[in-house]
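Single-structure report; data block below.
Computed from the coordinates by the stated procedures, all read-outs in this text should not be read as laboratory data. All figures in this text were calculated on a predicted structure; none of them were measured in a lab. Glycine also receives a Cβ, built like all others from the backbone with ideal geometry; neighbour counts cover every protein chain displayed.
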Amino acid sequence: MKVLVTGVAGQLGHDVTELLESRGVPCRGVDLADFDLTDGAAVKAWVQDYAPDVIVHCAAYTNVDRAESEPEICAAVNGMGTMNMVRAALSVNAKMVYISTDYVFPGTGEKPWEPEDEYGPQNVYGMSKVQGENAVRSLMTRFFILRTSWVFGLNGRNFVRTMLRLGAEKPEVRVVADQIGSPTYTRDLAALIAEMIGTEKYGIYHTRNEGFVSWADFARMIMEKAGLPCRVIPVPTSEYPTAARRPLNSRLNADKLKDAGFRPLPSVEDALDRYLAELKAAGV
Ligand SMILES: NC(=O)c1ccc[n+]([C@@H]2O[C@H](COP(=O)([O-])OP(=O)(O)OC[C@H]3O[C@@H](n4cnc5c(N)ncnc54)[C@H](OP(=O)(O)O)[C@@H]3O)[C@@H](O)[C@H]2O)c1
């Protein structure tokens, strides 16, 4: 099995590539420096040259707030770019993993979203990820769509690192307490992906670390575990305006994963412990 991983310079792509390499799986991680997803000819040429059996498509336009002022670029990368990847995958008969997000849902209510629930994106980024999903679903049969949320990994910026920085600088931070979801550690998601690609259990799955928290709960957990004496003041979303509207309900129901025989990801707390140890070991 030969695997092509996009987004190797980002959080998830980095960990997927590293894990596959450590297991001796023939694998190549690529990013913008290799080719631009929006260049269909370049995508096809690259994929046909490498001829992977599996494509793990992690690359994306991920700046949710900037997307509001750059909707065309965001759609080109996440929508058309994914379509380019799908066409290229079909041309070499590769199966595909597409990483998506809870932002494809409207974020209403309190019930965890099921994989079959209807789309209702509330921002430009969410809409572009729906386009990406549709490109995969409409043309492929051998695909996994993995919707995840609140991703954190060693190779990039994320909420945990922001909290560690603020916690070291300030006596208190104000953090949104009415958006509820699950953080997801890239190493845990990478392990699931590595397992999944060896199967034919295609479909749409929800995957995140176990447990639902608010951003404020998560911030408190980070400060506590990192030993930072920074107070977390819970605030409503209305007090923390951002360019892109954020869903209040980011809860994803991950039961389908278990039903299909995959192990659920470890708890949020366990993931955070291991991530903080990873940062320490890396001298971050
Ligand atoms: N981060 C989250 O909280 C979150 C939540 C749910 C789902 N997801 C999804 O999970 C996946 C991985 O997220 P992540 O946080 O690992 O992303 P990330 O760290 O932002 O990495 C994405 C990578 O894609 C590259 N890229 C952007 N535009 C490209 C283009 N036109 N052609 C080729 N490469 C391009 C980026 O390069 P540049 O940095 O140079 O632009 C970056 O290296 C994405 O599909 C994302 O939508 C993320």
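Loop only per DSSP, at most 12 neighbouring Cβ atoms within 10 Å: give me the GluC sites (Glu not before Pro) in the stretch 184-225, ordered by residue number.
Details: sites: 195, 200, 210, 224; in loops: 200.
Passing sites in the stretch 184-225 are 200.
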With an 8 Å Cα cut-off and a minimum separation of 6 or more residues, compute the relative contact order for the chain in percent. 21
In whole Hz, the Karplus estimates of ³J(HN,Hα) for the stretch 21-27 (6.51, -1.76, 1.60; θ = phi - 60°; x where Gly or Pro) are 4, 5, 8, x, 7, x, 7
DSSP beta bridges in the stretch 159-259 [antiparallel fraction, %, rounded to 5]: 25
Amide H neighbours of residue 25 under 5 Å, counting only residues 5+ apart in sequence or on other chains, H built in-plane at 1.01 Å? none
Give me the tail of P(r) for the chain as a percent: Cα-Cα pairs with distance above 32 Å. 22
Around residue 215, under 12 Å between beta carbons, what's the net of Lys plus Arg minus Asp minus Glu among the other residues? +1
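Using a 10 Å cut-off on Cβ atoms, rank the peptides 257-263, 50-56 from the highest mean neighbour count down. Could you put the intermediate results ahead of the total?
Working: 257-263: 12.9, 50-56: 20.6.
Listed from highest to lowest mean packing, they are 50-56, 257-263.
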In a Gaussian network model of the chain with springs linking alpha carbons closer than 10 Å, the residue among 186, 207, 162 that fluctuates most is 162
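What number comes out for the charge environment of residue 54, summing +1 per Lys or Arg and -1 per Asp or Glu over other residues with Cβ under 12 Å away? Walk me through the numbers before you get to the answer.
Working: positive: 2, 28, 95, 142; negative: 53, 200.
Net local charge, residue 54 excluded: +2.
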If amide hydrogens are placed 1.01 Å from N in the peptide plane, which non-local residues have theirs closer than 5 Å to the one on residue 178? 237
Given the pairs 44/129; 111/170; 129/201; 95/280, which are separated by over 27 angstrom at their Cα positions? 111/170; 95/280
Share, in percent, of DSSP beta bridges within the chain that are antiparallel, nearest 5: 5
Helix 186-196 sits at what angle to the longest principal axis of the chain, using alpha carbons and giving 0 to 90 degrees rounded to 10? 30
